[in-house]
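Quick notes on the structure that follows.
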Amino acid sequence: MSGNSFGLLYCVTSFGESHGPAYGGVVDGCPPGLELTNQDLQKELDRRKPGSSRHVTQRRESDTVEILSGVFEGRTTGTAIGFLVRNEDQRSSDYSAIAQKFRPGHADYTYFQKYGVRDARGGGRASARETLVRVAAGAIAKKWLRERYGVRVRGYLSQLGPHPIAFKTWDAVDANPFFAADPQVVQKLEKFMDALRDSGDSCGARVNVIAQGVPPGWGEPVYGRLDADIAAAMMSINAVKGVEIGAGFGAITQKGSEHGDEMTPQGFVSNNNGGVLGGISTGQDITVSIALKPTSSIRLPRRTIDTKGQPATIATTGRHDPCVGIRATPIAEAMLACVLMDQALRHRAQCADVATPLKLDNPSKIN
């Protein structure tokens, strides 16, 4: 099956199915000399893994990663980095009752139409469990970006179903199961999720992700635009149905005098363009927001058809996230980091010798 790789110079390839023996990935293009251990990948995988709270799928996976190649004596060699994560808690029998039916909103139908066959066990290749490969690859990119350029990539949940979540502090994000940046809202979110889970239904979410310290100049002017690559990467995440960069759809109601980010010698006055102009980074924060749809696998009975086109009713049992957006923050961070590393390497290849006399005191300064 094609479409298993992304990136040009920092290229990530994934393989595996939700109920197969393992997931694995190959990262090609990481420069040599980066200190890298299993733990560098593991700490990010632990943020994404299932069973971390009662509000997500109770599938019990350690998501223990093993680096197989590309690292010698604790440092990357410049060759392909291969890694593997074994599946440990498959329950394929959970899907026997729906093997011949299509879940509304799921990829069951489209996979069957494209390939003539589908792996009904957890969605097979369409499972969100595939994102663990992206998170592992993103861990490498995060570390390289931070050490080489001082870039920091972070995200947080900004809305859960009908509940907006204000940003208060980064310190709160990894201290609660929702990746919420407001510790005072956690109890309300827990009550909402408990009621949602009891009802058998699901909800959507919004996740914001920000890259700080990105130098100006990354990105290509036409087909390799930084914002276009970011949008494509985010849309490749399971359940993502919308991407905003900067003001996003809010730009519709803005006037040019408001949306255009004025400049002073001290920096930009605003960041409505999300740190990207003409497909190239400005030196401001890269700001991205994604919308994730409600989980398609729910207990409530719904109308559908079977593989012979006959009408049927389906209700999905087993272990599923009532809201896939709860665990999406480290995934969105990983995809942004991978895109930025790819663009950094592309910029270095062509424009490493470019130096302009124009330097803003603080490009991200907003008055």
### Query
Which residue, S158, S127, S281, has the most motion in a Gaussian network model of the chain that connects Cα atoms within less than 10 Å?
S127
### Task
Considering only P265, P216, P104, give the residue with the highest GNM mean-square fluctuation for the chain, with springs between Cα atoms whenever their separation is below 10 Å.
P265
### Message
No solvent, one uniform scatterer per C-alpha: report log10 I(q)/I(0) for region 1-82 via the Debye equation at q = 0.13, 0.23 1/Å, two decimals.
### Response
-0.50, -1.18
### Query
Quick one: Kirkwood hydrodynamic radius for region 26-161, alpha-carbon pairs, angstrom, one decimal?
17.3
### Message
Using a 1.4 Å probe on the protein heavy atoms, what percent of the accessible area of the chain belongs to carbon and sulfur?
### Response
53
### Query
Charges only on Cβ, +1 for Lys and Arg, -1 for Asp and Glu: so what's the dipole of the chain about the Cα centre, in debye to the nearest 20?
1000
### Query
On average over all directions, what projected area in square nanometres does region 91-212 have, based on the convex hull of its Cα atoms?
10.3
#### Entry: For the chain, fraction of C-alpha pairs farther apart than 37 Å, in %
22
### Query
Any idea which of H163, A97, T110 is furthest toward the positive side of the dipole for region 88-217, if Lys and Arg beta-carbons carry +1 and Asp and Glu beta-carbons -1?
T110
### Task
Among G256, G204, G123, determine the one that fluctuates most according to a GNM of the chain built with springs between C-alpha atoms less than 10 Å apart.
G256
### Message
Taking amide H atoms as placed 1.01 Å from N in the peptide plane, list the residues 5 or more away in sequence, or in a different chain, whose amide H sits under 5 Å from that of Q159.
### Response
I165, R206
### Query
Based only on the alpha carbon positions, what is the Kirkwood hydrodynamic radius of region 217-318, in angstrom?
16.7
### Summary
At 4 °C in a medium of viscosity 1.567 mPa s, region 165-256 has a Stokes-Einstein diffusion coefficient, with Rh taken as the Kirkwood radius over alpha carbon pairs, in µm² per second, of 79
### Message
Cut-off under 17 Å on the C-alpha distance; same-chain residues fewer than 8 positions from K191 excluded. Which aspartates and glutamates are left, in chain and number order?
### Response
D182, D201, D321
### Query
Could you give the accessible area per residue of the chain, probe 1.4 Å, as a whole number in Å²?
46
#### Entry: Helical contribution to [θ] at 222 nm, DSSP H n ≥ 4, -39,500 (n - 2.57), averaged over the chain, rounded to 500
-7500 deg cm²/dmol
### Task
When a/c is below 1.5 the answer is rounded, else prolate if a/b is larger than b/c, else oblate, so apply that to region 297-367 with a ≥ b ≥ c taken from the square roots of the Cα gyration tensor eigenvalues.
prolate
### Query
Once you mark the GluC sites (Glu not before Pro) that are in a DSSP loop and have at most 15 other Cβ atoms within 10 Å, what is the longest gap between them in the chain?
89-261
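The values are calculated or read from the model by the stated rules, or taken from the named source; none is laboratory data. A quick note: this is a predicted structure, and the numbers were derived from the prediction, not measured. Positions of Cβ are generated from backbone atoms using ideal geometry, with glycine treated the same way; all protein chains shown enter the neighbour counts. To get the accessible areas, we keep the full protein, side chains included, count just its heavy atoms, and leave off ligands, DNA and RNA. Shrake-Rupley method; radii C 1.70, N 1.55, O 1.52, S 1.80 Å.
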